[in-house]
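Student: Let me begin by handing over the structure; questions about it come next.
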Amino acid sequence: VPVELVAYDAAGRVVDALRAGAWDVAFLAIDPMRALEIAYSPPYVEIEGAYVVRDASAIRDNAAVDAPGVRVVVAQGAAYDLHLSRELKHATLVRVPSSGAVVDAFLAGGYEVAAGVKQQLEADARRHPGLRLLPGHFMVIRQAMGTPRGREAGARALARFVEEMKASGFVARALGRHGVEGASVVR
(Lines give C-alpha, C1' and ligand atoms only; values in the text may rest on other atoms or scores of the structure.)
Protein backbone atom coordinates (compact mmCIF):
# COMPACT_ATOMS: atom_id res chain seq x y z
CA VAL A 1 0.00 0.00 0.00
CA PRO A 2 1.49 3.36 -0.89
CA VAL A 3 2.28 5.63 2.04
CA GLU A 4 2.00 9.39 2.14
CA LEU A 5 3.40 11.00 5.27
CA VAL A 6 1.68 14.22 6.31
CA ALA A 7 3.06 16.35 9.15
CA TYR A 8 0.91 18.57 11.36
CA ASP A 9 2.40 21.26 13.59
CA ALA A 10 -0.17 20.81 16.38
CA ALA A 11 -2.22 17.92 17.75
CA GLY A 12 -5.48 19.80 17.34
CA ARG A 13 -4.82 20.04 13.62
CA VAL A 14 -4.48 16.25 13.41
CA VAL A 15 -7.97 15.89 14.86
CA ASP A 16 -9.34 18.59 12.54
CA ALA A 17 -7.81 16.73 9.59
CA LEU A 18 -9.52 13.52 10.75
CA ARG A 19 -12.88 15.23 10.39
CA ALA A 20 -11.93 16.19 6.84
CA GLY A 21 -10.97 12.58 6.05
CA ALA A 22 -7.34 13.57 5.47
CA TRP A 23 -5.61 10.59 7.12
CA ASP A 24 -5.97 6.88 7.78
CA VAL A 25 -3.41 6.37 10.57
CA ALA A 26 -2.01 8.91 13.00
CA PHE A 27 0.43 9.04 15.88
CA LEU A 28 -1.01 11.09 18.75
CA ALA A 29 -1.75 11.24 22.45
CA ILE A 30 -4.62 9.20 23.83
CA ASP A 31 -7.45 11.38 25.08
CA PRO A 32 -10.91 10.21 26.18
CA MET A 33 -12.72 12.86 24.14
CA ARG A 34 -10.71 12.10 21.01
CA ALA A 35 -11.49 8.40 21.56
CA LEU A 36 -15.05 9.15 20.46
CA GLU A 37 -13.66 9.64 16.95
CA ILE A 38 -10.37 7.70 17.04
CA ALA A 39 -9.76 4.01 17.69
CA TYR A 40 -6.42 3.94 19.49
CA SER A 41 -3.79 1.24 19.60
CA PRO A 42 -2.29 0.39 22.96
CA PRO A 43 0.15 3.16 23.95
CA TYR A 44 3.78 2.72 22.95
CA VAL A 45 5.41 5.53 24.97
CA GLU A 46 4.58 7.76 27.91
CA ILE A 47 5.78 11.31 28.42
CA GLU A 48 5.11 13.72 31.26
CA GLY A 49 3.11 16.93 31.18
CA ALA A 50 4.75 19.54 33.39
CA TYR A 51 4.56 23.18 34.42
CA VAL A 52 7.19 25.90 34.25
CA VAL A 53 7.13 29.14 36.25
CA ARG A 54 9.48 32.05 36.85
CA ASP A 55 12.05 31.58 39.61
CA ALA A 56 10.35 34.32 41.65
CA SER A 57 6.92 32.68 41.45
CA ALA A 58 5.21 31.77 44.73
CA ILE A 59 3.86 28.64 43.00
CA ARG A 60 5.93 25.74 44.31
CA ASP A 61 3.93 22.64 43.36
CA ASN A 62 1.42 21.39 40.82
CA ALA A 63 -1.56 21.68 43.17
CA ALA A 64 -0.95 25.42 43.59
CA VAL A 65 -1.51 26.04 39.86
CA ASP A 66 -5.29 25.64 40.06
CA ALA A 67 -6.04 28.92 41.79
CA PRO A 68 -7.99 32.07 40.92
CA GLY A 69 -5.87 34.58 39.04
CA VAL A 70 -3.43 31.97 37.71
CA ARG A 71 -3.19 31.96 33.92
CA VAL A 72 -1.76 28.85 32.31
CA VAL A 73 -0.42 28.99 28.74
CA VAL A 74 -1.04 25.80 26.69
CA ALA A 75 -0.88 24.69 23.07
CA GLN A 76 -4.42 24.63 21.74
CA GLY A 77 -5.72 21.12 21.17
CA ALA A 78 -2.70 19.37 22.72
CA ALA A 79 -3.32 16.43 25.05
CA TYR A 80 -2.39 18.54 28.04
CA ASP A 81 -4.78 21.32 26.93
CA LEU A 82 -7.62 18.78 26.80
CA HIS A 83 -6.62 17.34 30.19
CA LEU A 84 -6.30 20.73 31.88
CA SER A 85 -9.60 21.89 30.34
CA ARG A 86 -11.27 19.07 32.25
CA GLU A 87 -9.23 19.29 35.47
CA LEU A 88 -8.58 22.95 36.26
CA LYS A 89 -11.46 24.56 38.12
CA HIS A 90 -10.03 27.97 39.11
CA ALA A 91 -7.05 28.77 36.87
CA THR A 92 -7.58 30.21 33.38
CA LEU A 93 -6.16 28.59 30.26
CA VAL A 94 -4.53 30.82 27.65
CA ARG A 95 -4.22 28.96 24.35
CA VAL A 96 -1.52 29.49 21.74
CA PRO A 97 -1.23 27.82 18.31
CA SER A 98 1.58 25.32 19.05
CA SER A 99 3.72 23.83 21.81
CA GLY A 100 6.75 25.69 20.47
CA ALA A 101 4.99 29.00 21.15
CA VAL A 102 4.00 28.26 24.78
CA VAL A 103 7.03 29.59 26.67
CA ASP A 104 7.51 32.60 24.40
CA ALA A 105 3.85 33.59 24.93
CA PHE A 106 4.18 32.93 28.67
CA LEU A 107 7.17 35.28 28.87
CA ALA A 108 5.80 37.96 26.53
CA GLY A 109 2.35 38.01 28.16
CA GLY A 110 3.52 38.02 31.78
CA TYR A 111 1.47 34.90 32.54
CA GLU A 112 1.94 32.84 35.70
CA VAL A 113 2.45 29.29 34.33
CA ALA A 114 3.34 27.51 31.10
CA ALA A 115 2.22 23.90 30.59
CA GLY A 116 3.55 21.35 28.17
CA VAL A 117 5.63 18.30 27.53
CA LYS A 118 8.36 18.15 30.16
CA GLN A 119 11.23 17.79 27.67
CA GLN A 120 10.14 20.85 25.68
CA LEU A 121 9.79 22.90 28.87
CA GLU A 122 13.21 21.77 30.10
CA ALA A 123 14.77 22.91 26.81
CA ASP A 124 12.90 26.23 27.00
CA ALA A 125 14.05 26.75 30.60
CA ARG A 126 17.67 26.27 29.46
CA ARG A 127 17.12 28.91 26.75
CA HIS A 128 15.52 31.37 29.18
CA PRO A 129 17.36 31.72 32.50
CA GLY A 130 15.08 32.57 35.41
CA LEU A 131 12.59 29.76 34.81
CA ARG A 132 12.07 26.57 36.78
CA LEU A 133 9.99 23.45 36.35
CA LEU A 134 7.64 22.49 39.12
CA PRO A 135 8.52 19.10 40.59
CA GLY A 136 6.80 16.01 39.26
CA HIS A 137 4.14 16.11 36.58
CA PHE A 138 0.45 17.01 36.30
CA MET A 139 -0.30 14.21 33.83
CA VAL A 140 1.22 11.35 31.88
CA ILE A 141 0.70 11.59 28.15
CA ARG A 142 0.30 8.20 26.50
CA GLN A 143 1.24 8.19 22.81
CA ALA A 144 -0.43 5.72 20.47
CA MET A 145 -1.37 5.09 16.88
CA GLY A 146 -4.96 5.69 15.88
CA THR A 147 -7.36 5.27 13.02
CA PRO A 148 -10.82 6.75 12.49
CA ARG A 149 -13.61 4.93 14.37
CA GLY A 150 -15.48 2.40 12.26
CA ARG A 151 -12.35 0.76 10.86
CA GLU A 152 -12.27 -2.23 13.20
CA ALA A 153 -9.92 -4.39 11.13
CA GLY A 154 -7.47 -1.51 10.83
CA ALA A 155 -7.67 -0.81 14.56
CA ARG A 156 -6.90 -4.46 15.34
CA ALA A 157 -3.95 -4.42 12.93
CA LEU A 158 -2.56 -1.27 14.58
CA ALA A 159 -2.92 -2.83 18.03
CA ARG A 160 -0.98 -5.94 16.91
CA PHE A 161 1.66 -3.83 15.19
CA VAL A 162 2.28 -1.61 18.23
CA GLU A 163 2.54 -4.61 20.56
CA GLU A 164 5.01 -6.29 18.18
CA MET A 165 7.14 -3.13 17.93
CA LYS A 166 7.29 -2.80 21.72
CA ALA A 167 8.04 -6.50 22.30
CA SER A 168 10.77 -6.59 19.63
CA GLY A 169 12.57 -3.63 21.22
CA PHE A 170 12.04 -1.47 18.14
CA VAL A 171 10.36 1.36 20.08
CA ALA A 172 13.11 1.45 22.73
CA ARG A 173 15.86 1.37 20.07
CA ALA A 174 14.15 4.16 18.11
CA LEU A 175 13.99 6.36 21.20
CA GLY A 176 17.70 5.73 21.84
CA ARG A 177 18.72 6.19 18.20
CA HIS A 178 17.05 9.61 18.11
CA GLY A 179 18.27 10.70 21.55
CA VAL A 180 14.75 11.00 22.97
CA GLU A 181 14.94 11.53 26.72
CA GLY A 182 12.06 11.53 29.17
CA ALA A 183 9.89 9.10 27.24
CA SER A 184 9.46 5.56 28.45
CA VAL A 185 8.19 2.53 26.57
CA VAL A 186 4.84 1.33 27.88
CA ARG A 187 5.07 -2.32 28.86
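The values are calculated or read from the model by the stated rules, or taken from the named source; none is laboratory data. From a predicted model like this one, the values you see are computed outputs, not experimental measurements. In this analysis, Cβ positions are derived from the backbone assuming ideal geometry, glycine residues included, and neighbour counts consider all displayed protein chains. Areas reflect the complete protein model, heavy atoms only, side chains present, ligands, DNA and RNA absent. Shrake-Rupley method; radii C 1.70, N 1.55, O 1.52, S 1.80 Å.
Here is a yes/no grid of residues against (1) hydrophobic (A, V, I, L, M, F, W, C); (2) in contact with a helix residue (DSSP H, G or I) (Cβ under 6 Å, 6 or more places away or on another chain); (3) more than 20 Å from Ser98 (Cα to Cα):
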{"site": "Val117", "(1), (2), (3)": "yes, no, no"}
{"site": "Pro129", "(1), (2), (3)": "no, no, yes"}
{"site": "Arg132", "(1), (2), (3)": "no, no, yes"}
{"site": "Arg142", "(1), (2), (3)": "no, no, no"}
{"site": "Ala153", "(1), (2), (3)": "yes, no, yes"}
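Student: Can you tell me which residue in the stretch 2-28 is least open to solvent (accessible area, probe 1.4 Å), limited to those that are among the small types (Gly, Ala, Ser) and assigned to a loop (DSSP other than H, G, I, E, B)? Can you show your working first?
Tutor: To start, the set of residues in the stretch 2-28 that are among the small types (Gly, Ala, Ser) comprises 7, 10-12, 17, 20-22, 26.
Cutting the leftovers down to assigned to a loop (DSSP other than H, G, I, E, B) gives us 7, 10, 20-22.
Numbers: Ala7: 99, Ala10: 15, Ala20: 83, Gly21: 62, Ala22: 57 Å².
So the residue we want is Ala10.
Student: Could you tell me whether Asp31 is open to solvent by 20 Å² or more (accessible area, probe 1.4 Å) and touching a residue at least 12 places away in the same chain (Cβ under 8 Å)? Full working, then the answer.
Tutor: On the way: open to solvent by 20 Å² or more (accessible area, probe 1.4 Å): no; touching a residue at least 12 places away in the same chain (Cβ under 8 Å): yes.
Criteria not met by Asp31.
Student: Looking only at the stretch 87-98, count every residue that is of a type outside the set (A, V, I, L, M), under 23 Å from Ala58 (Cα atoms) and assigned to a loop (DSSP other than H, G, I, E, B) and tell me the total. Talk me through it step by step, then tell me what you get.
Tutor: First pass over the stretch 87-98, keeping only residues of a type outside the set (A, V, I, L, M): 87, 89-90, 92, 95, 97-98.
Okay, now just the ones that are also under 23 Å from Ala58 (Cα atoms), so 87, 89-90, 92, 95.
In the following step, the residues that additionally are assigned to a loop (DSSP other than H, G, I, E, B) were identified as 89-90.
The total comes to 2.
Student: In this structure, does Glu46 turn out to be in contact with a Lys or Arg (Cβ under 7 Å, 6 or more places away or on another chain) and over 19 Å from Val140 (Cα atoms)? I'd like the intermediate steps shown before the answer.
Tutor: Details: in contact with a Lys or Arg (Cβ under 7 Å, 6 or more places away or on another chain): yes; over 19 Å from Val140 (Cα atoms): no.
Against the criterion (in contact with a Lys or Arg (Cβ under 7 Å, 6 or more places away or on another chain) and over 19 Å from Val140 (Cα atoms)), Glu46 does not qualify.
Student: Mind counting the residues in the stretch 96-124 that are over 21 Å from Ala10 (Cα atoms) and crowded, with 18+ Cβ neighbours inside 10 Å?
Tutor: The number of residues fulfilling the criteria is 2.
Student: If we scan the stretch 57-75, do we find a residue that is within 20 Å of Tyr8 (Cα to Cα) and touching a Gly at 6+ places or on another chain (Cβ under 8 Å)? Walk me through it before giving the result.
Tutor: The first filter runs over the stretch 57-75 and keeps only residues within 20 Å of Tyr8 (Cα to Cα), leaving 74-75.
Cutting the leftovers down to touching a Gly at 6+ places or on another chain (Cβ under 8 Å) gives us 74-75.
Yes, some residue in the stretch 57-75 is within 20 Å of Tyr8 (Cα to Cα) and touching a Gly at 6+ places or on another chain (Cβ under 8 Å).
Student: Next up: Restricting the stretch 37-61 to residues that are outside any strand (DSSP E or B) and within 22 Å of the chain's Cα centre (by Cα), which is nearest to Glu122 (Cα to Cα)? Spell out the reasoning first.
Tutor: Residues of the stretch 37-61 outside any strand (DSSP E or B): 37, 41-44, 55-61.
Filter again for within 22 Å of the chain's Cα centre (by Cα), leaving 37, 41-44, 61.
On the way: Glu37: 32, Ser41: 29, Pro42: 27, Pro43: 24, Tyr44: 22, Asp61: 16 Å.
Per the stated criteria, the residue is Asp61.
Student: Hand me the list of strands (runs of 3 or more DSSP E) wholly inside the stretch 99-186 holding 1 or more residues that are under 14 Å from the mean Cα position of the chain (by Cα). Walk me through how you get there before you give the answer.
Tutor: On the way: elements: 113-117, 131-133, 139-148.
By residue number, 113-117, 139-148.
Student: Give the residues of the stretch 40-95 that are open to solvent by less than 40 Å² (accessible area, probe 1.4 Å), of a type in the set (S, T, N, Q) and touching a strand residue (DSSP E or B) at 6+ places or on another chain (Cβ under 6 Å), sorted by residue number.
Tutor: Scanning the stretch 40-95 gives a single hit, Ser41.
Student: Leu84 passes all but one of (1) over 16 Å from the mean Cα position of the chain (by Cα); (2) assigned to a helix (DSSP H, G or I); which number fails?
Tutor: (1)
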